[in-house]
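The structure appears right after this line, and notes come after that.
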Amino acid sequence: MTAITYELIKTDKQTGARLGRVHTPHGSFDTPTFMPVGTLATVKTMSPEELENMGAKIILSNTYHLWLRPGEEIIREAGGLHKFMNWDGAILTDSGGFQVFSLSDMREIKEEGVHFRNHLNGDKLFLSPEKAMQIQNALGSDIMMAFDECPPYPATHEYMKNSVERTSRWAERCLTAHERKNDQGLFGIVQGGEFEDLRKQSARDLVSLDFPGYAVGGLSVGEPKDVMNRVLDFTTPWLPANKPRYLMGVGSPDSLIDGAIRGIDMFDCVLPTRIARNGTCMTSNGRLVVRNAKYARDFSPIDENCDCHVCRNYTRAYIRHLIKCNETFGFRLTTYHNLHFLLKLMEQVRTAISEDRLGDFREEFFEQYGLNKPNAKNF
């Protein structure tokens, strides 16, 4: 029995983008899709019921953070992550690899794993492929991620080659250590930086291990967007057409569309929730900073073209007032809107693929969003 399966429904004739469906032990979701990030078993300021109402089918939580707080054994005792957080949909857990390499300055990479310090209190910790699998098996997520090395950007070809080879060895160890193959799917992570030969090597290594899905890692780490698109252009062709493809850490509207055009099925990012807490909103006409003074007497919705609960019921002036007063409800409203915006955008992308017009949709969206203007403000 395979816990995760992918169904390819249609390919867009304009761009080659894929319309598909991923089946998990906790329901199916249509792709391309955006996954809201609930790092600590909660999408910041949102309830599971609100996420369900806005159309979310899968969310992401993080192994590293849940290992530290509250600990995987408490979540196991609660009946797993789904019961612990009262979420009936699918859950993907990141392996913690990115956090180990991004949050801790004091780390030592060895073949057995990574020695580093807890970013909260400085305690010495050790995370290995086997430990990452043990934690994720305890969490009970539908989709687990292999433990990989997340190299810095930029990095030399020599460094990246050694990193890719280590990630491939760690991926094999993850498969061996994974104890719940019947009800948890494990995805491999393709690395290789901006080097085509190394991306090809990484993809071939991982595909030979026959994971039920594959992620493209090491992007959205500071490289220009044209570099990310170029890497996707030469990476996704090496990934199986009958399995889901996941681009990690990407959530700006333009990159979601461009990623889908390059054959990506799944995306996640903290961007919509993080910028919401600063009063920044995604709208059909581009970026809007609702906390700015010019909205103090603006009694229109955040986005006239949005049908979300927030835009139907609250004004820019009211939301600005809440955020300026540091009221949590204001952050909730901007977060709800941003997540709804991206989920709706992916629904529009899926419709465009079904009608063989994703290329046209991209041009229309970029024009209305203001991305075709010189020095356009993006996220």
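Laid out as a table, the results:
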| item | result |
| --- | --- |
| Options F34, F29; residue that is touching a Phe, Trp or Tyr at 6+ places or on another chain (Cβ under 9 Å) and within 28 Å of A276 (Cβ to Cβ) | F34 |
| Test: residue in the range 75-84 that is in contact with a His (Cβ under 7 Å, 6 or more places away or on another chain), open to solvent by 40 Å² or more (accessible area, probe 1.4 Å) and more than 17 Å from D265 (Cα to Cα) | no |
| Residues that are more than 21 Å from I4 (Cα to Cα) and open to solvent by 20 Å² or more (accessible area, probe 1.4 Å), drawn from the range 55-71 | H65, W67, L68, R69, P70 |
| Residue count for the range 184-231, restricted to those that are touching a residue at least 60 places away in the same chain (Cβ under 8 Å) and loosely packed, with under 15 Cβ neighbours inside 10 Å | 1 |
| Of all residues making up the range 3-53, the number that are open to solvent by less than 20 Å² (accessible area, probe 1.4 Å) and in a loop (DSSP other than H, G, I, E, B) | 10 |
| Qualifying residue in the range 330-340 (condition: among the hydrophobic types (A, V, I, L, M, F, W, C) and surrounded by fewer than 22 Cβ atoms within 10 Å (Cβ to Cβ)) | yes |
| Close pairs (7 angstrom Cβ cut-off, 6 or more residues apart or separate chains): in the same structural domain as A171 (by the TED database) and closer than 19 Å to W170 by Cα in the range 97-112, polar (S, T, N, Q) and in a strand (DSSP E or B) anywhere | Q99/N62 |
| Subset of the range 280-307 [open to solvent by 70 Å² or more (accessible area, probe 1.4 Å) and acidic (D, E)] | E304, D307 |
| Options T176, T156, T167: the member that is of a type in the set (V, I, T), surrounded by 23 or more Cβ atoms within 10 Å (Cβ to Cβ) and either at pLDDT 95 or above or within 16 Å of M144 (Cα to Cα) (or both) | T167 |
| Pick from the range 241-271, criterion closer than 23 Å to I319 by Cα and either outside the structural domain of F34 (by the TED database) or aliphatic (A, V, I, L, M) (or both), ranking: surrounded by the fewest Cβ atoms within 10 Å (Cβ to Cβ) | V270 |
| Enumerated strands (runs of 3 or more DSSP E) restricted to the range 96-191, each holding at least 2 residues that are out of contact with any Leu (no Cβ under 7 Å at 6 or more places or on another chain) and among the charged types (D, E, K, R) | 107-110 |
| Helices (runs of 4 or more DSSP H) wholly inside the range 213-296 containing at least 1 residues that are in contact with a Pro (Cβ under 7 Å, 6 or more places away or on another chain) | 253-261 |
| Test result for V310, open to solvent by less than 10 Å² (accessible area, probe 1.4 Å) and more than 21 Å from the chain's Cα centre (by Cα) | yes |
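The values are calculated or read from the model by the stated rules, or taken from the named source; none is laboratory data. As the structure is a computational prediction, the values presented were derived from the model and not from experiment. Don't worry about glycine lacking a Cβ; one is built from the backbone with ideal geometry, like all the others, and counts go over all protein chains shown. These area figures cover heavy atoms from the full protein model, side chains too; ligands, DNA and RNA do not enter into them. Shrake-Rupley method; radii C 1.70, N 1.55, O 1.52, S 1.80 Å.
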